[in-house]
Amino acid sequence: MLLEARGIVKTFGSFHAVDGADLTLAENELIGLIGPNGAGKSTFFNCLAGEARPTLGKIRFRGADVTALSSAAHAGLGLARTFQVPIVFEGMSVRENVMVGAFLRHPARRRAEEKADEVLEFTGLAAQADMLATALGTAGRKRLGIARALATEPILLLLDEALAGLTSAEMEGAIALVERIHARGITLVVVEHIMEVIHRLTRRVLVFNQGRVIAEGTPAEVTHIPAVIEAYLGRRAQGSPESRAP
Ligand SMILES: Nc1ncnc2c1ncn2[C@@H]1O[C@H](COP(=O)(O)OP(=O)(O)OP(=O)(O)O)[C@@H](O)[C@H]1O
Ligand SMILES: [Mg+2]
């Protein structure tokens, strides 16, 4: 097993953002994680990647207990993630932004630069390497987040809505990039609201609702599970104007 998360709970005051979530990942898997807004997907990622310490539960990565480790320690072990709102370091070029990731394994500036350039080539950002990163649009910023994570040479990559907000042409490029990452042998968990993306990329999807996994199956299977339909429709009934039913 690559990753095993058991009974993960993350509370904010009395609110259970993650409420007993489990996840088991084998090496080289590519799974989807879907669920309505506020279901706890990003908070769960934060727990898995060490940005947030779970209130309860245990996370093992390659057999080692990583539950209480920092995000830097997680990155060192090969667990990287992107953020729903991409982090862009201001005043730095696209290449320098990626070097922030590359320094993890390559402390010498020259080697970090080489690593960053290799990743920029792989992610299709080479032409923008010398631009200020803040000049990138949404698609470029999302790609930059992926590039910085890849520069840490991860075994497992958690993508938090890396394909949201893209035009259909940009989305095609992003899907192809995720497939190339997977083809490199990197295990992926993809949080995504766009069901077309989930259908095209994954054969196993977990559905999150109110902080826990309520269903699991192929993308086609989960969309027919009554609890899943209810989870999405329930939110709509509560007045969310933007239906994201799968
Ligand atoms: N630091 C925090 N303090 C208090 N509440 C929080 C905090 N972070 C998240 N929450 C709450 O936890 C719940 C889960 O949020 P989270 O961002 O994990 O959901 P999500 O599934 O990623 O949603 P979305 O699809 O909109 O990104 C939400 O109700 C959110 O308001
Ligand atoms: Mg989120």
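The values are calculated or read from the model by the stated rules, or taken from the named source; none is laboratory data. Computed from a prediction, not measured in an experiment: that's the story for all the values here. Please note: Cβ atoms are built from the backbone with ideal geometry, for glycine as well, and neighbour counts cover all protein chains shown.
Assorted remarks:
- Scanning the stretch 16-30 for residues that are of a type in the set (D, E, K, R) and in a strand (DSSP E or B) turns up ASP19, ASP22.
- Some residue of the stretch 60-74 being surrounded by 16 or more Cβ atoms within 10 Å (Cβ to Cβ), within 21 Å of GLU161 (Cβ to Cβ) and within 16 Å of ligand 2 (Cβ to nearest atom): no
- Among the residues of the stretch 116-128, not a single one is closer than 18 Å to LEU2 by Cα and either modelled with pLDDT of 95 or more or among the basic types (Lys, Arg) (or both).
- Of ARG81, ARG105, ARG95, all but one fail to be closer than 15 Å to GLU153 by Cβ, out of contact with any Gly (no Cβ under 8 Å at 6 or more places or on another chain), crowded, with 19+ Cβ neighbours inside 10 Å and touching a residue at least 12 places away in the same chain (Cβ under 8 Å); the exception is ARG81.
- The helices (runs of 4 or more DSSP H) found wholly in the stretch 79-179 and carrying at least 3 residues that are of a type in the set (Asp, Glu) occupy 109-122.
- Checking ALA39 against (1) crowded, with 18+ Cβ neighbours inside 10 Å; (2) away from ligand 2 (no atom under 13 Å from the Cβ), the condition it does not meet: (2)
- For the stretch 31-53, the criterion of being more than 15 Å from ligand 1 (Cβ to nearest atom) and assigned to a strand (DSSP E or B) is met by at least one residue.
- Residue check for ILE34: crowded, with 23+ Cβ neighbours inside 10 Å and more than 16 Å from ligand 2 (Cβ to nearest atom): no
- Looking only at the stretch 180-196, and only at residues there that are outside any loop (DSSP other than H, G, I, E, B) and within 26 Å of GLU4 (Cβ to Cβ), the one that is farthest from ligand 2 (Cβ to nearest atom): ALA183
- Selection from the stretch 162-209 of residues that are small (Gly, Ala, Ser), within 16 Å of ligand 1 (Cβ to nearest atom) and surrounded by fewer than 23 Cβ atoms within 10 Å (Cβ to Cβ): ALA164, GLY165
- Residue check, GLU153 acidic (Asp, Glu) and at negative phi: no
- The residues on offer are GLU4, GLU29, GLU51, and the sole one that is within 13 Å of ligand 2 (Cβ to nearest atom) and acidic (Asp, Glu) is GLU51.
- Top-ranked residue in the stretch 138-161 [being basic (Lys, Arg) and crowded, with 24+ Cβ neighbours inside 10 Å; ranked as nearest to ligand 2 (Cβ to nearest atom)]: LYS142
- Restricting HIS16, HIS106, HIS74 to those that are of a type outside the set (Lys, Arg) and within 12 Å of ligand 1 (Cβ to nearest atom) reduces the list to HIS16.
Results for (1) touching a Ser or Thr at 6+ places or on another chain (Cβ under 7 Å); (2) over 21 Å from LEU188 (Cα atoms), shown as yes or no for each residue.
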| residue | (1), (2) |
| --- | --- |
| PHE83 | no, no |
| GLY91 | no, yes |
| HIS106 | no, yes |
| ARG110 | no, yes |
| GLU114 | no, yes |
| LEU120 | no, no |
| ALA133 | yes, yes |
| ALA147 | yes, no |
